[in-house]
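**Q** The structure that follows is given in the form of structure tokens.
Read-outs: derived from the displayed coordinates by stated rules, not from any lab. This one's a predicted model, so the numbers in the text were calculated from it and none came from an experiment. Don't worry about glycine lacking a Cβ; one is built from the backbone with ideal geometry, like all the others, and counts go over all protein chains shown.
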Amino acid sequence: MVDCRNQFEAMRADDLPVAEYIGPEGEGLMIPTDGVYNPLLRCRILTKRATDAGAMLFEKSAALNISGSRVETANGVINCRKVIVAVDGGLENVLPELSGRVRTARLQMIGTAPTDEVKFTRPVYYRWGFEYWQQLPDGRIALGGMRDFGGDEEWTDKSIPSDAIQKSREIFLRTKLGIQAEITHRWAAVAAFNGSGVPIIEEVRPGVWAIGSYSGTGNIIGAICGRGVAQIVVKGETALLDELRPLP
Ligand SMILES: Cc1cc2nc3c(=O)[nH]c(=O)nc-3n(C[C@H](O)[C@H](O)[C@H](O)COP(=O)(O)OP(=O)(O)OC[C@H]3O[C@@H](n4cnc5c(N)ncnc54)[C@H](O)[C@@H]3O)c2cc1C
């Protein structure tokens, strides 16, 4: 609770909306401007907009060699004026010069069948954000977290669920959240972290920009970084990115 109190005071000092909260989710803080969205649906909407506007997208086509004027894949080469590498988990594999600063971790999830055992109307972060869950409109629960229980094994770019983390997640679901509904989905994905907590946004090779390493928070920031770097590369405008960069 000391941590919540400190966060409450820090947010109030910066005029950010926050309230003390006790409710079905537990005791802590409520941030009324927080929200969730479906990232896959958003991805599909953006994909359609891009292709409708004439962009060509290639799936399952890894960039193997990247310079500021040329990207090579197994089956083709793209000549270009600039490159933006927008990759979060595994960024240090695509651009090995970042490997000392960027480290990839595996994050795991479970999903249940629809249930009315609980009613969570808001997404919840718990234990400094190590656990997080939400109930979807149809009653299903999506629960993630406990990466720290897995120790060094979770610093990996292998997106495969591991028994130990999945088991602790299940115990948390059954005991802490009191949900007995069947677990229907298990999955894992990767995200990149760095010591600063601030994303990588930089020209790492001449004409090659890297954005990523969002420390588990890239859904919104990643999109803003993408827009910001595109503005620099295409128009030479830095205004949007200047707002994101740490103060000197
Ligand atoms: C379980 C989990 C929970 C999360 N929860 C949250 C949350 O609550 N809030 C939040 O803000 N963020 C969250 N994140 C982080 C968020 O999902 C990421 O930061 C975000 O998806 C980054 O988006 P991106 O498009 O920048 O990069 P990515 O999603 O990493 O997309 C990069 C794409 O590039 C592809 N790629 C990689 N290498 C190459 C290559 N060599 N050539 C071609 N393509 C390549 C990848 O396959 C991928 O499709 C979570 C992540 C996970 C895994």
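**Q** Please count, across the chain, the pairs of lysine residues with Cα atoms under 20 Å apart that sit 8 or more places apart or on different chains.
**A** 6
**Q** Tell me the mean residue ellipticity at 222 nm calculated for the chain from its helices only (DSSP H runs of n ≥ 4, each -39500 (n - 2.57), averaged over every residue, nearest 500).
**A** Calculated from helices alone, the mean residue ellipticity at 222 nm is -7500 deg cm²/dmol.
**Q** Still on this structure: Out of Gln166, Gln134, Gln231, any idea which swings most in a Gaussian network model of the chain, alpha carbons joined below 10 Å?
**A** Largest GNM mean-square fluctuation: Gln231.
**Q** Can you sort Glu182, Glu153 so the residue with the fewest Cβ neighbours within 10 Å comes first?
**A** Glu182, Glu153
**Q** Of Ala55, Ala13, Gly111, whose Cα points farthest to the positive end of the dipole of the chain (charges on the beta-carbon: +1 Lys, Arg; -1 Asp, Glu; origin at the Cα centre)?
**A** Of the options given, the answer is Ala55.
**Q** Which residue fluctuates most in the GNM of the chain (Cα springs below 10 Å): Thr115, Thr238, Thr51?
**A** Top of the fluctuation ranking is Thr51.
**Q** Still on this structure: How far, in degrees from 0 to 90, does helix 2-13 lean away from the longest principal axis of the Cα atoms of the chain, to the nearest 10?
**A** 60
**Q** Compute the acute angle (0 to 90°) between the alpha-carbon long axis of helix 39-52 and the principal axis of greatest extent of the alpha-carbon atoms of the chain; round to the nearest 10°.
**A** Tilt of helix 39-52: around 30 degrees.
**Q** Also, I was wondering about something else. Rounded to whole Å, give me the distance from the Cα center of the range 220-245 to that of the range 1-66.
**A** Spelled out, the Cα-based centre of one part sits 18 Å from the other.
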